[in-house]
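A.B. asks: Quick one: the structure is below, questions incoming.
The values are calculated or read from the model by the stated rules, or taken from the named source; none is laboratory data. Not measured: the values here are computed from a predicted model. Ideal geometry is used to build each Cβ from the backbone, glycine not excepted, and the neighbour counts take in all protein chains shown.
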Amino acid sequence: MSTGSSSSSATGAALVLFSGGQDSTVCLAWALRHYARVETIGFDYGQNHSVELACRTALLEKLRAEFPALAAALGEDHCVDLRGYGALAESSLTRPRAIRMREDGLPDTFVPGRNVMFLTAAAALGYRRGLPVLVGGMCETDYSGYPDCRRDTLDALQKALSLGMGMDFEILTPLMHIDKAATWALAFELGGMALVDLIVEDTHTCYRGVRDQTHDWGKGCGTCPACVLRARGWQVWKKGA
Ligand code: ZN
């Protein structure tokens, strides 16, 4: 286990898509270990679980206060208003309705083009602030089948953004090929139980925005697809840890 600061040999600058959830928090810790300067970006797209936007602020404050070595590379945070896009791409994540499976097998929490839009906005900011590496928590291992989480989509987008902005972007997805249990293991590797505890207590995953029900894996309704994945991963990791 290593809990020290970002490697003294770390160079370069990265922008992390940081929603305040488990996956993006692990990605942030990962980036802080590998880059000399790390900034964060989050999006308000009218999500029902907008409580995650409050979680991200609290998480950044705690990272700075409780993990000073890890947070040494942590720079500015940017919260971007994309509610206009959220209204265009409405889904069960942005409307007060129950989550259902669609006929094509995707849950209707799918927000069409979400990662394409987020990464395009992130690239525009990265262009302006000299952050050519974009880090996201997309994962195609135990995901819900969202097509914009696939590495193929992101490879094509990386090329389109680089060509379209005349700057070489790299989209890094450290969680792409690992499952939720391995994500908990990676959090432990990056910051020990202190980081795992921070993730349990302060990250938000639940699609319904529930924060008043507490489980050993964190807060949430316990039954939405996001809670089920998080809980299952926790149980598998705890069994093997
Ligand atoms: Zn939930």
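A.B. asks: Quick check on segment 177-185. Is at least one of its residues at negative phi, among the basic types (Lys, Arg), outside any helix (DSSP H, G or I) and surrounded by 17 or more Cβ atoms within 10 Å (Cβ to Cβ)?
C.D. replies: So far as segment 177-185 goes, no, none of its residues is at negative phi, among the basic types (Lys, Arg), outside any helix (DSSP H, G or I) and surrounded by 17 or more Cβ atoms within 10 Å (Cβ to Cβ).
A.B. asks: Just the residues that are under 13 Å from GLY137 (Cβ atoms) and either touching a helix residue (DSSP H, G or I) at 6+ places or on another chain (Cβ under 7 Å) or without any contact (Cβ under 8 Å) to a residue 40 or more places away in the chain (or both), please, taken from segment 158-178.
C.D. replies: ILE171, THR173, PRO174, LEU175, MET176, HIS177, ILE178
A.B. asks: Let me ask something else about it. Across segment 202-218, which residue is farthest from LEU106 (Cα to Cα) among those that are assigned to a loop (DSSP other than H, G, I, E, B), more than 9 Å from the ligand (Cβ to nearest atom) and in contact (Cβ under 8 Å) with a residue 12 or more places away in the chain?
C.D. replies: Across segment 202-218, the extreme among qualifying residues is ASP216.
A.B. asks: Which one of the conditions (1) modelled with pLDDT of 95 or more; (2) more than 16 Å from the ligand (Cβ to nearest atom); (3) farther than 26 Å from ALA72 by Cα; (4) assigned to a loop (DSSP other than H, G, I, E, B) does LEU161 fail to meet, given that it meets all the rest?
C.D. replies: (4)
A.B. asks: Here is a follow-up. Exactly one of these conditions fails for LEU154: (1) of a type outside the set (D, E, K, R); (2) touching a residue at least 40 places away in the same chain (Cβ under 8 Å); (3) more than 16 Å from the ligand (Cβ to nearest atom). Give me its number.
C.D. replies: Condition (2) is where LEU154 drops out.
A.B. asks: Identify the residue in segment 219-236 that is more than 10 Å from the ligand (Cβ to nearest atom) and of a type outside the set (A, V, I, L, M, F, W, C) and, among all such residues, is nearest to LEU175 (Cα to Cα).
C.D. replies: Step by step, filter segment 219-236, then rank; the result is GLY233.
A.B. asks: Let me ask something else. I'd like to know if segment 218-226 contains one or more residues that are within 15 Å of the chain's Cα centre (by Cα) and under 29 Å from ARG102 (Cα atoms).
C.D. replies: Yes, segment 218-226 contains a residue that is within 15 Å of the chain's Cα centre (by Cα) and under 29 Å from ARG102 (Cα atoms).
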